[in-house]
Amino acid sequence: MRRRLAILGNGPAAGRLLDDLATRGGLGAFDVAVYGEEPHGNYNRILVGRVVTGAGVDEITTKPADWYATRGVTFHRGVKVERLDPAARRLVTSTGEEHPYDTAVFATGSAAAVPPVDGLRQPDGSPRGGVHVFRTAADCEAIRGRSRPGASAVVVGGGLLGLEAAKALSDIGLHVTVLHRGETLMNAQLDRFGGGLLRRAIEGVGVFVRTGTTAAEVIGNGKVEAVRLDAGGVLPADLVVFACGVVPRVEAAKASGVPVGRGILVNDRLATAVPGVYAVGECAEHAGVVYGLVAPIWEQAAVLADVLTGANPQARYRGSKMYARLKVAGVEVASMGRVEPEFDSDEVVQVFEDRRGVYRKLIVRDGRLVGAMLVGCTAAAPGLVQLFDRGDPLPPNRLDVLATAGGSAADPEVCNCHRVTESALVAAVRGGCSTLPMLADATRAGTGCGSCRGRLAGLIAEHAPGVPTRTT
Ligand SMILES: Cc1cc2nc3c(=O)[nH]c(=O)nc-3n(C[C@H](O)[C@H](O)[C@H](O)COP(=O)(O)OP(=O)(O)OC[C@H]3O[C@@H](n4cnc5c(N)ncnc54)[C@H](O)[C@@H]3O)c2cc1C
């Protein structure tokens, strides 16, 4: 009899694990069952803001319901798993159904964090109308349902998620104010200078930004009418969106007796201390770190697929170097490693092009890159990511790594989310992939944050058969 593999959760981590199992023959070797609390097939959460501006969830769905059926995977859509009974190797759903498993993988991800702000609930305990978070397709549908052109929205949080939410709301005609407790927008990824440039850009698209303050109280009779700021003053608001970070979803693991810290504790094989139980993605805590971006999740999924299928039983996850390449409110941003120097001996290289709105910064230690940020132009990001990831020595003229579009690597990564190199893309284009969807199907490139899609279009234009080859 085939072993039964239960995957709890159906977000990007589960989707990637399914793909990686498939390429290792795992979908034939296991009876795979996916339990997804959300009612949709697997969708690209990075693009969920498009639902606010009017896209249907199907437009960002990467695995519709028939994807599972045609591959023999049982998809329990809209089903939440309450807990495992590891001794009996059975799982219990929120409707009380029980299903047996041999191996279970928690891929339960994160939930939006909501800070302790007064007035989120009405005196009778029910949620106040117009208060939202920004995480799932349902959240975005609810935000869209509440949004009217000319209405005012307050977005609490000036990190990646807050700025994405603000841009989406501004695009559909709301008057938007972002509140950010720190002095610098996206301060986890950018220094004051980079954050200032981003602020200029986001204000340029019509969003108001207030730094150094946050929401102290949501005020209203039944529904939101205003937000009181902790620095004093009141902002009228028809809608409040909290985008203040995430907390790992560990409740089902806890109820199953699986050890939990901030996330579900896993070792280098992504195994928990409970036999037959693994965790992957934003719900997992590895070596004290819970990751909040997709690149580390892709690395975890590959290791777990190797381990589960036996394709490489020695595969080990050793942690990920953090980098992000994003498009925030139309501005390209890339950031990796340190934001500021740590020691007097750290070298800092900064290039600022005011007219172009471009800022680039490198932090170099012992001749190697330990941090970089790019705002306004991320052409050098693929090469920098490779230098950062591998710890390769930088050329003596540090500016060389910023000057070349693809960085210094011979075969730069174009899609950092899926680690697709230029040579692989050129081969796919020459093999007949003449559109972005064809290239995405063949290589996955462009299906993560989407910030490389311009470059992909360029490669198609340059290398598709029938297009004259450049000789210079
Ligand atoms: C608007 C937005 C923009 C983003 N942009 C970027 C970006 O540009 N680059 C980047 O790297 N990252 C980005 N991220 C972060 C990225 O989306 C996350 O890292 C990724 O979604 C994590 O995937 P996951 O599968 O681990 O968790 P999740 O995406 O949280 O998915 C977990 C799923 O499991 C389900 N679930 C939970 N508990 C249970 C249960 N008990 N039973 C059944 N189902 C359950 C949940 O409902 C959910 O569907 C962005 C996130 C958002 C919201």
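The values are calculated or read from the model by the stated rules, or taken from the named source; none is laboratory data. None of these values were measured; they are calculated from a predicted model. Cβ: placed from backbone, ideal geometry, glycine included. Neighbour counts: every protein chain shown. Note: accessible area is taken over every heavy atom of the protein model, side chains too, but ligands, DNA and RNA are not part of it. Shrake-Rupley method; radii C 1.70, N 1.55, O 1.52, S 1.80 Å.
Note on the range 136-277: with neighbouring protein chains present and a 1.4 Å probe, carbon and sulfur make up 52 percent of its accessible heavy-atom surface. For the range 257-369, the percent of C-alpha pairs falling in each 10 Å distance bin, counted from 0 to the bin holding the largest distance, reads 12, 32, 25, 21, 9, 1.
Take every Cα pair under 8 Å in the chain that's 6+ residues apart, average their separations, divide by the length, and report that relative contact order as a whole percent. Normalised by residue count, the contact order of the chain is 12 percent.
From the alpha carbon centroid of the range 202-262 to that of the range 269-291 is 28 Å.
Here is what passes the span test in the chain: the DSSP H helices with alpha carbon length of 20 Å or more along the helix axis and a Kyte-Doolittle mean of 0.0 or above are 294-309. Classify the range 207-256 as rounded, prolate or oblate, taking a ≥ b ≥ c as the square roots of the eigenvalues of its Cα gyration tensor: rounded when a/c is under 1.5, otherwise prolate if a/b is larger than b/c and oblate if not. It comes out prolate by the Cα gyration axes. Can you give me the Cα centroid spacing of the range 45-73 and the range 95-121 in angstrom? Going from one Cα centre to the other spans 20 Å. Around the amide H of Val328, modelled in the peptide plane, lie the amide H atoms of Val333, all under 5 Å away and 5 or more residues distant in sequence or on another chain.
At q = 0.25 Å⁻¹, what log₁₀ I(q)/I(0) does the range 323-409 have when each alpha carbon counts as one equal point scatterer in the Debye sum? One equal scatterer on each Cα of the range 323-409 leads to -1.34.
Dipole orientation for the chain: of the candidates Val205, Ala237, Gly446, Gly446 has the Cα lying most toward the positive pole (charges on Cβ; Lys, Arg +1; Asp, Glu -1).
What is the local net charge at Arg181, summed over the other residues whose Cβ is closer than 13 Å to its Cβ (Lys, Arg +1; Asp, Glu -1)? Intermediate results must be reported in sequence, preceding the final value.
Working: positive: Arg210; negative: Glu183, Asp230.
With Lys, Arg at +1 and Asp, Glu at -1, the net is -1.
Would you please put 31-40, 111-120 in order of how densely packed they are, using the mean number of other Cβ atoms within 10 angstrom per residue and starting with the highest?
Details: 31-40: 20.9, 111-120: 14.9.
So the peptides 31-40, 111-120, ranked by packing, come out 31-40, 111-120.
Over the residues of the chain, the helix contribution to mean residue ellipticity at 222 nm works out to -7500 deg cm²/dmol, using -39500 (n - 2.57) for each DSSP H run of at least 4. Under the classification rounded if a/c is under 1.5, otherwise prolate if a/b is larger than b/c and oblate if not, where does the range 213-287 fall, given a ≥ b ≥ c as square roots of the Cα gyration tensor eigenvalues? Prolate. Placing +1 on the Cβ of every Lys and Arg and -1 on the Cβ of every Asp and Glu, with no other charges, gives the chain a dipole of roughly 340 debye about its Cα centre.
I want the local charge near Ala215. Using Cβ-Cβ distances under 15 Å, sum +1 for each Lys or Arg and -1 for each Asp or Glu among the other residues.
Values: positive: Arg121, Arg128, Arg181, Arg210, Arg228; negative: Asp118, Glu217, Glu225, Asp230, Asp238.
Net charge around Ala215: 0.
Pairwise alpha-carbon distances in the range 131-244 exceed 20 Å for 35% of all pairs. The range 1-33 and the range 316-350 have Cα centres lying 33 Å from one another.
Pairwise Cα distances in the chain exceed 30 Å in 50 percent of cases. Taking a ≥ b ≥ c as the square roots of the eigenvalues of the Cα gyration tensor of the range 25-122, is the shape rounded (a/c under 1.5), prolate (a/b larger than b/c) or oblate? Oblate. In the frame of its principal axes, the range 98-174 has Cα extents of 54, 33, 23 Å, reported largest first.
For His76, His286, what's the largest-to-smallest order of accessible area, 1.4 Å probe?
Working: His76 35, His286 10 Å².
These residues rank, largest area first, as His76, His286.
Looking at the range 51-107 from every direction and averaging, what is the projected area of its Cα convex hull in nm²? Working shown, then result.
Numbers: hull surface 21.7 nm².
That works out to 5.4 nm², a quarter of the Cα hull's surface.
For the range 415-463, the solvent-accessible area works out to 42 Å² per residue, with a probe of 1.4 Å and every protein chain left in place. Per atom type, the range 323-409 shows carbon and sulfur on 47% of its accessible surface, probed at 1.4 Å.
Surface exposure of the range 149-248, expressed per residue as accessible area with a 1.4 Å probe, stands at 39 Å². Restricting the calculation to Cα atoms, the range 415-463 yields a radius of gyration followed by a Dmax of 9.1, 25 Å. Each label point was placed 7 Å from the Cα along the Cα-to-Cβ direction; for Val234 and Lys321 their separation is 5.2 nm.
Remark on Arg3: its backbone amide H falls under 5 Å from those of Asp31, a criterion applied only to residues 5 or more positions apart or on other chains, H modelled at 1.01 Å from N. Applying the Karplus relation 6.51 cos²θ - 1.76 cosθ + 1.60 with θ = phi - 60° to the range 54-68 yields 3J(HN,Hα) values of x, 6, x, 4, 4, 6, 10, 7, 9, 9, x, 3, 6, 4, 5 Hz, where x marks Gly and Pro.
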